[in-house]
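Worksheet: one structure, shown below.
The values are calculated or read from the model by the stated rules, or taken from the named source; none is laboratory data. Here the structure is a predicted model, which is why all the values come from computation and not from measurement. Cβ sites come from the backbone with ideal geometry, for glycine too, and all protein chains shown count toward neighbours. Just the protein is used for accessible areas: all its heavy atoms, side chains included, with ligands, DNA and RNA removed. Shrake-Rupley method; radii C 1.70, N 1.55, O 1.52, S 1.80 Å.
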Amino acid sequence: QKEVEQNSGPLSVPEGAIASLNCTYSDRGSQSFFWYRQYSGKSPELIMFIYSNGDKEDGRFTAQLNKASQYVSLLIRDSQPSDSATYLCAVNPLSSNTGKLIFGQGTTLQVKP
Amino acid sequence: GAVVSQHPSWVICKSGTSVKIECRSLDFQATTMFWYRQFPKQSLMLMATSNEGSKATYEQGVEKDKFLINHASLTLSTLTVTSAHPEDSSFYICSASGRRRGANEQFFGPGTRLTVL
């Protein structure tokens, strides 16, 4: 089992719809969870992080964390073509005291006009 | 977010030469810097973790004698790919970490695309 798993996609949604991106992790003691966006040929950029169970909203983005189910998701409301990118889920495992992150393979999102 | 720079942004070199990549955190003191490698259509693979003034910690399978990391200050880390070969061609990305708002956020540099002929 991979430490952080994501469906590679592509996930295709129409413009204006809600895109739902999912991620599961294996280290039950993981503390912090991050979502990054990566455009083709570019480096990742941080969208948001979450470390408490529940929802965290930032603009059109909502991160959801369920530690009991070892599941974290990212919702993108009112999806725009410019949101088309690869979304990387990253987890800070309990075993790391350096801020090391374990990345999933990423989900490719396509927002069609 | 914080600003992290990398230099050069791309480099083409002949097989057998060494290439140095610099990573700088421009507006905060990074307690830790990380070096990743990303092959086409694959996710980021952590190569090593470096802390200022101490030896880097390499991930399993990464040759420390081939990928030399120096973390001279809280704002600068360098990765040297020694005796580069075509299979080392990849996108190398650094990130800098500093604890704030309760989580260890990592901010990524723009990456360096290495092509070894």
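Calculated accessible area for chain B comes out at 49 Å² per residue, all protein chains present (probe 1.4 Å; ligands, DNA, RNA ignored). Taking 0.36 nm per residue of sequence separation and removing the Cα-Cα distance, the A:Asn7/A:Tyr39 pair yields an extension gain of 9.8 nm.
Shown for chain A: the carbon plus sulfur share of the solvent-accessible area, taken with all protein chains present and a 1.4 angstrom probe, equals 46%. Accessible surface buried at the A:B interface totals approximately 1600 Å², computed with a 1.4 Å probe on protein heavy atoms. Ranked from largest to smallest solvent-accessible area, with a 1.4 Å probe on the protein heavy atoms, B:Thr80, B:Thr57 come out as B:Thr57, B:Thr80.
Between A:Tyr71 and B:Gln42, the FRET efficiency from the beta-carbon distance, with R0 = 22 Å, is close to 0.40.
Normalised per residue, the accessible area of the stretch A:4-79 is 47 Å², obtained with a 1.4 Å probe and no contribution from ligands, DNA or RNA.
Ordered from highest to lowest accessible area with the whole protein assembly present and a 1.4 Å probe, A:Lys100, A:Lys2, B:Lys55, A:Lys56 read as B:Lys55, A:Lys2, A:Lys56, A:Lys100. In a reduced charge model with +1 at each Lys and Arg Cβ and -1 at each Asp and Glu Cβ, the stretch B:1-55 shows a dipole moment near 300 debye about its Cα centre. Cα extents for the protein assembly as shown along the principal axes, largest to smallest and rounded to whole angstrom: 50, 37, 36. What you get for the protein assembly as shown, charging only the Cβ of Lys and Arg (+1) and of Asp and Glu (-1), is a dipole of about 160 debye around the Cα centre. Taken about its Cα centre, chain B carries a charge dipole of roughly 140 debye when the Cβ of each Lys and Arg holds +1 and the Cβ of each Asp and Glu holds -1.
For the stretch B:1-50 versus the stretch A:1-35, the inter-centroid distance based on Cα atoms is 25 Å.
Neighbours of A:Pro113, meaning other residues whose beta-carbon lies under 12 angstrom from its beta-carbon, give a summed charge of -1 when Lys and Arg score +1 and Asp and Glu score -1.
Here the accessible area is traced with a 1.4 Å probe on the protein chains. For the stretch B:27-72, carbon and sulfur cover 47 percent of it. Near A:Thr62, once Lys and Arg are set to +1 and Asp and Glu to -1 for all other residues with Cβ below 14 Å from its Cβ, the sum equals -2. Note on A:36-49: average number of Cβ atoms from other chains within 10 Å of each residue's Cβ is 5. Neighbours of A:Gly41, meaning other residues whose beta-carbon lies under 14 angstrom from its beta-carbon, give a summed charge of +3 when Lys and Arg score +1 and Asp and Glu score -1. The mean number of Cβ atoms from other chains found within 10 Å of a Cβ in peptide B:42-48 is 5, as a whole number.
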